[in-house]
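First comes the structure, then the notes that go with it.
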Amino acid sequence: QQQVKQSPQSLIVQKGGISIINCAYENTAFDYFPWYQQFPGKGPALLIAIRPDVSEKKEGRFTISFNKSAKQFSLHIMDSQPGDSATYFCAATAGAGSYQLTFGKGTKLSVIP
Amino acid sequence: GAVVSQHPSRVICKSGTSVKIECRSLDFQATTMFWYRQFPKKSLMLMATSNEGSKATYEQGVEKDKFLINHASLTLSTLTVTSAHPEDSSFYICSAAQGLLAFFGQGTRLTVV
């Protein structure tokens, strides 16, 4: 059972455009939702994270939108740059102090000049 | 963010030999570390949870006798792939938790020939 569904699988965006990646979860016990960025041959790096008590969090060009009732959250990358080309994973974890992450399947983002 | 160092980044070994991968939290103590395996263009698959001073907890389907995990200190966990075979070739990644955040190592590309 896939507990975090991520879409799209791949995404091509023009430089300067907005990249949008969506995730949906099933487990209502999830209470922390991080996004990770992974470049080829490297480990994932934490990008931004949100808790369900807020509907939006913004850090620079990266914004997470969270819809608790729909059990969905999304990552928006504004003014996308070629350097943003990477694979992005959404994740979720449940319970304070629980560090076990459930990952989405990933989205390969390509930003073309 | 916190730094997790994983070594080696790449290793090639002969079939039947054992390989040890180290994961260190450089600037914080981690009572719990995680080991993942990642296939090409796929998401991270949790293999086991490594607990300092106690036995690791393995996910279903992961052979504990093949993938030996030792978490001898609060800053070091090791994964030993015993009697490696070509099908064990993969990208192995560790992570360590600090507070609510999980930080990943750089990953180890294991190739068994």
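List the pairs whose first member sits in the stretch A:19-34 and is surrounded by fewer than 20 Cβ atoms within 10 Å (Cβ to Cβ), whose second member is of a type in the set (F, W, Y), and whose Cβ atoms are under 9 Å apart, counting only residues at least 6 apart or on separate chains?
As it stands, the answer is A:N22/A:F73; A:A24/A:F73, since those pairs meet every condition given.
Would you please name the residue that is farthest from B:L100 (Cα to Cα), looking only at residues in the stretch B:9-36 that are within 16 Å of the chain's Cα centre (by Cα) and part of a loop (DSSP other than H, G, I, E, B)?
Here the answer is B:S18.
Could you please find all residues in the stretch A:71-113 being in a loop (DSSP other than H, G, I, E, B) and more than 21 Å from A:Q9 (Cβ to Cβ)?
Passing the criteria: A:M78, A:D79, A:Q81, A:G95, A:A96, A:G97, A:S98, A:Y99, A:Q100, A:P113.
Among the residues of the stretch B:55-70, are any at pLDDT below 90, outside any strand (DSSP E or B) and surrounded by 14 or more Cβ atoms within 10 Å (Cβ to Cβ)?
Within the stretch B:55-70, not a single residue is at pLDDT below 90, outside any strand (DSSP E or B) and surrounded by 14 or more Cβ atoms within 10 Å (Cβ to Cβ).
Please pick out the residue among A:G43, A:G106 that is free of Cβ contacts under 8 Å to residues at least 12 places away in the same chain and within 13 Å of chain B (Cβ to nearest Cβ).
Numbers: A:G106 fails: free of Cβ contacts under 8 Å to residues at least 12 places away in the same chain.
Criteria check complete, one pass: A:G43.
Within the stretch B:94-113, track down each residue that is on the phi > 0 side of the Ramachandran plot and touching a residue at least 24 places away in the same chain (Cβ under 8 Å).
Of everything in the stretch B:94-113, just one residue is on the phi > 0 side of the Ramachandran plot and touching a residue at least 24 places away in the same chain (Cβ under 8 Å), namely B:G107.
Among the residues of the stretch A:21-35, are any over 16 Å from A:F103 (Cβ atoms) and modelled with pLDDT of 95 or more?
no
Which condition number does A:K57 fail, the rest of (1) more than 30 Å from B:L110 (Cβ to Cβ); (2) at pLDDT 95 or above; (3) exposed (fewer than 14 other Cβ atoms within 10 Å of the Cβ); (4) within 14 Å of another protein chain (Cβ to nearest Cβ) being met?
The single condition A:K57 does not satisfy is (3).
Regarding B:R10, is this residue crowded, with 16+ Cβ neighbours inside 10 Å, charged (D, E, K, R) and within 14 Å of chain A (Cβ to nearest Cβ)? So that I can check it myself, show each step before the final result.
On the way: crowded, with 16+ Cβ neighbours inside 10 Å: no; charged (D, E, K, R): yes; within 14 Å of chain A (Cβ to nearest Cβ): yes.
For B:R10, the condition - crowded, with 16+ Cβ neighbours inside 10 Å, charged (D, E, K, R) and within 14 Å of chain A (Cβ to nearest Cβ) - is not met.
If you scan the stretch A:36-54, which residues turn out to be exposed (fewer than 13 other Cβ atoms within 10 Å of the Cβ) and modelled with pLDDT of 95 or more?
A:F39
Looking at the stretch B:55-71, is at least one residue away from every other protein chain (no Cβ under 14 Å), farther than 30 Å from A:K5 by Cβ and touching a Cys at 6+ places or on another chain (Cβ under 7 Å)?
no
So how many residues does the stretch B:98-113 have that are under 18 Å from B:Q38 (Cβ atoms), part of a strand (DSSP E or B) and within 10 Å of another protein chain (Cβ to nearest Cβ)?
Matching residues across the stretch B:98-113 total 5.
Please pick out the residue among B:S95, B:S77, B:S25, B:S50 that is within 28 Å of A:K108 (Cβ to Cβ) and within 14 Å of chain A (Cβ to nearest Cβ).
After ruling out the rest, the residue left standing is B:S95.
The values are calculated or read from the model by the stated rules, or taken from the named source; none is laboratory data. Bear in mind the structure is a predicted one, so any value in this text is a computation, not a measurement. Every residue, glycine among them, receives a Cβ derived from its backbone with ideal geometry; neighbour counts consider all protein chains shown.
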